[in-house]
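The values are calculated or read from the model by the stated rules, or taken from the named source; none is laboratory data. None of the values given here were measured: they were computed from a predicted structure. Note that each Cβ is placed from the backbone with ideal geometry, even for glycine, and that neighbours are counted across all protein chains shown. To get the accessible areas, we keep the full protein, side chains included, count just its heavy atoms, and leave off ligands, DNA and RNA. Shrake-Rupley method; radii C 1.70, N 1.55, O 1.52, S 1.80 Å.
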Amino acid sequence: FINASTGAIIHYYNNTHEDGDVTSTGPDLNGVNRTIHAYQQGSAYMMVDISKPMYNPQNQEGTMRTYDANYTSPSLPGFNPPICTSTNNTWQPAVYSSQYNAGLTYEYFRTTHNRNSWNNQGGSIISVINATEDNGSGMDNAYWNGVCIVYGNGASSFKPLAGALDVSAHEIGHAFDEASANLEYQNQSGAMNEAFSDIAAAVVERQNWKIGEDVVKPGAFPTGCLRDMSNPHNGGSSLGDPGYQPAHVSEMYTGTQDNGGVH
C-alpha cells in the first residue's frame with residue numbers, strides 16, 4: 001500500500017496463495033496430456049479437486065479425488081488418504097485419466113441434466129486405481145461399489161481400465177442410477193441399470209456406440225470392444241461368444257447367472 005503523496009510504502013502483506021487449488025498437466029494412460037486440479041497443502045500436493053461447483057467448503061464435500069489401492073483389493077487397507085506427492089505434475093498416468101474422465105462425466109450430468117453430482121447433493125466422486133482381485137491377481141474389471149469407482153489394471157482381456165472415458169462414465173452412471181432410480185440389480189431391472197450406464201458411456205464420450213474399445217487387448221473380443229450398442233452380437237453368433245449380447249427380445253437370457261443376465 002503506497003502513500004499517494006509521498007510514495008512511501010505504508011503497509012504490505014504476503015498474498016501468495018501457498019495452499020489451495022492448483023492445476024497439473026501430464027500424460028494420461030493413452031499418452032494424451034490432460035490438465036487436472038489438485039490441492040496444495042504446504043509442500044505437499046493431494047489428488048483432491050475442489051474446483052467444481054459442487055464443492056462445499058463448510059463440510060469439504062463435493063470434491064473429486066483419487067486413491068491408490070497399491071495393487072491390493074480395495075477391501076484391504078492401503079489406499080487412504082488420497083494420493084499425495086511432493087512434486088506437482090508428476091502424477092501417475094492413471095491419476096490423470098481417472099480425474100479427467102470423472103470431470104467430463106460430472107460436467108455432462110451437471111450441464112445436461114442439472115444434477116449436483118451423482119446424489120444430487122454435491123457428493124464427492126471418488127476413484128480408486130491400481131486395484132486387484134482379492135487374491136492379488138490382475139483385475140479385468142472396473143466397478144461402482146456404492147462409495148467409489150474402482151479400476152483394475154487389466155489381466156487377460158483389458159489394459160488399465162481407468163484409461164477409457166466410456167468405462168468411467170459407465171461406472172459413474174451406476175452411481176447416478178443408484179441415487180435416483182435405485183433399480184434392483186437383478187433380472188430386467190438390473191439389465192435396465194446396466195443399459196442406462198452404457199447409455200451414459202456413449203453420450204459422455206460422444207465418439208461411437210462401442211464400449212471399452214480404448215482398453216480392450218487385441219484379440220480379446222472379435223470387434224475390439226467389450227460391447228457394441230449398434231450391433232449387440234458384437235461379432236459373435238450365440239450366447240457365450242466373447243462380447244455377445246441379445247439383439248432382440250426373442251434372444252433374451254432368462255437363466256440365473258449374472259444376477260439373471262443383467263449384462
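Values as computed for the structure displayed
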| item | result |
| --- | --- |
| Count - residues of the range 88-131 that are open to solvent by less than 70 Å² (accessible area, probe 1.4 Å) and either of a type in the set (Gly, Ala, Ser) or closer than 18 Å to Tyr45 by Cβ (or both) | 21 |
| Candidate set from the range 195-226 (those that are assigned to a strand (DSSP E or B) and of a type in the set (A, V, I, L, M, F, W, C)); member that is farthest from Ser157 (Cα to Cα) | Ile211 |
| Any hit, the range 26-38, residues being within 21 Å of Gly122 (Cα to Cα) and hydrophobic (A, V, I, L, M, F, W, C) | yes |
| Residues that are closer than 19 Å to Gly243 by Cβ and either open to solvent by 40 Å² or more (accessible area, probe 1.4 Å) or in contact with a helix residue (DSSP H, G or I) (Cβ under 6 Å, 6 or more places away or on another chain) (or both), drawn from the range 170-189 | His170 |
| Count - residues of the range 144-179 that are touching a Phe, Trp or Tyr at 6+ places or on another chain (Cβ under 9 Å) and over 19 Å from Gly212 (Cα atoms) | 5 |
| Restricting the range 140-167 to residues that are among the aliphatic types (A, V, I, L, M) and in a loop (DSSP other than H, G, I, E, B), the residue that is most open to solvent (accessible area, probe 1.4 Å) | Val147 |
| Residue identified as under 30 Å from Ser180 (Cα atoms) and either open to solvent by 30 Å² or more (accessible area, probe 1.4 Å) or without any contact (Cβ under 8 Å) to a residue 40 or more places away in the chain (or both) among Ser197, Ser237 | Ser197 |
| Members of the range 227-238 found to be part of a loop (DSSP other than H, G, I, E, B) and either over 23 Å from Glu251 (Cβ atoms) or in contact with a helix residue (DSSP H, G or I) (Cβ under 8 Å, 6 or more places away or on another chain) (or both), listed by number | Met229 |
